[in-house]
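Here the structure comes first, spelled out in structure tokens, and everything after it is commentary.
The values are calculated or read from the model by the stated rules, or taken from the named source; none is laboratory data. Computed from a prediction, not measured in an experiment: that's the story for all the values here. No Cβ is skipped: glycine too gets one built from the backbone with ideal geometry, and neighbour counts run over all protein chains shown. SASA here: full protein model, heavy atoms, side chains in, ligands and nucleic acids out. Shrake-Rupley method; radii C 1.70, N 1.55, O 1.52, S 1.80 Å.
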Amino acid sequence: MALEKKKFGRTIDVHELEEQLKAERDIKIIDVRTPAEYQSMHIPRSYNVPLDQLPEHKTELANALQAPIVLVCRSGARAEQAAKVFDTTGLEQFHVLQGGISAWRQARQPVNQGRQIWSMERQVRGVAGSLVLLSVLGSLFLWKPLAWLAAFVGGGLTYSALTDTCGMAMLLSKLPYNQTVSCDIRDVIQQLRAAE
């Protein structure tokens, strides 16, 4: 069964994608994680288009994409956000890999691996957890108002969950160790056009 053109929100599981990749050559896999996350591990034959660059280049990308598209991230949340961005272009052939690359690996599917770094989600958990722990300990032993930092971080995480966005991830993606690898969107667009 070929992937049909449907509106975003339609998920595809790992086994469906595996079957489609074996049967068809015109499916495009777009990985919307950061370039550093993509370099550390990605699905073979996938293209990296970071979520934070999508809004600016969505029309160019949409014009270059005619085949069914499977959007991938670590767990599926960022891929859903990418599908919503692409939905404003009028294209309807976007699908989200259910469970993201985590589910792909868990199913023992092949991946290309490079230099290993923490995923953006893991970085956010590490920074948020450290800030809460240090501010609580600091408020107990040094200065009581430090407890407000823990409340601020907790509020930010709650807002992040409610809006399905993450300001801390956007900030962390700008740090030098997350910028060692970059993505040239124009190059990706040319590759996608050539592969059509």
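Which of the trypsin sites (Lys or Arg not before Pro) across region 95-145 are loop residues per DSSP, with 14 or fewer other Cβ within 10 Å?
Those that pass, being in a loop and sparsely packed, are Arg108, Arg115.
Can you give the accessible area of Glu19 in Å² (nearest 10), computed on protein heavy atoms with a 1.4 Å probe?
Near enough 120 Å² of accessible area.
Counting only protein heavy atoms and a 1.4 Å probe, tell me what percentage of the chain's accessible area is made up of carbon and sulfur.
58
Using heavy-atom solvent-accessible surface (probe 1.4 Å) with all chains present, what is the largest-first order of Tyr159, Tyr38?
Tyr159, Tyr38
Which angle between 0 and 90 degrees, to the nearest 10, do you get for helix 77-87 versus the longest principal axis of the chain when only C-alpha atoms count?
Its long axis makes an angle of about 50 degrees.
Show which aspartates and glutamates lie in cross-link reach of Lys84 when reach means a straight Cα distance below 17 angstrom and same-chain residues fewer than eight apart are skipped.
Within the straight-line limit of under 17 Å, Lys84 reaches these aspartates and glutamates: Asp31, Asp52, Glu56, Glu60, Glu92, Asp164.
Taking only Cα atoms, what is the 0 to 90° angle, nearest 10, from helix 54-64's long axis to the longest principal axis of the chain?
So the helix axis and the longest Cα principal axis differ by about 10 degrees.
Relative to the compact globular guide of 2.2 N^0.38 Å, what is the alpha carbon radius of gyration of the chain, as a ratio?
That works out to 1.14 for the chain.
Using a 1.4 angstrom probe, figure out how much accessible area the chain has per residue, in square angstrom, rounded to the nearest whole.
I get 56 Å² per residue for the chain.
Rank-order 126-136, 70-80, 45-55 by packing density, defined as the average count of other C-beta atoms within 10 Å over each peptide's residues, highest first.
70-80, 45-55, 126-136
Quick one: grab Rg to one decimal and Dmax as a whole number for region 60-130, Cα atoms only, in Å.
My reading of the Cα-based Rg and Dmax gives 14.6, 44 Å.
For region 110-196, what is one quarter of the convex hull surface built on the Cα atoms, given in nm²?
8.8
Tell me what the chain gives for mean residue ellipticity at 222 nm when only DSSP H runs of n ≥ 4 count, each as -39,500 (n - 2.57), the sum divided by the residue total, rounded to 500 deg cm²/dmol.
That comes out to -16000 deg cm²/dmol.
Taking each pair of different alpha-carbon atoms in region 96-152 once, compute 1/r for the pair, average those values, and report the inverse of that mean as the Kirkwood hydrodynamic radius in Å to one decimal.
14.2
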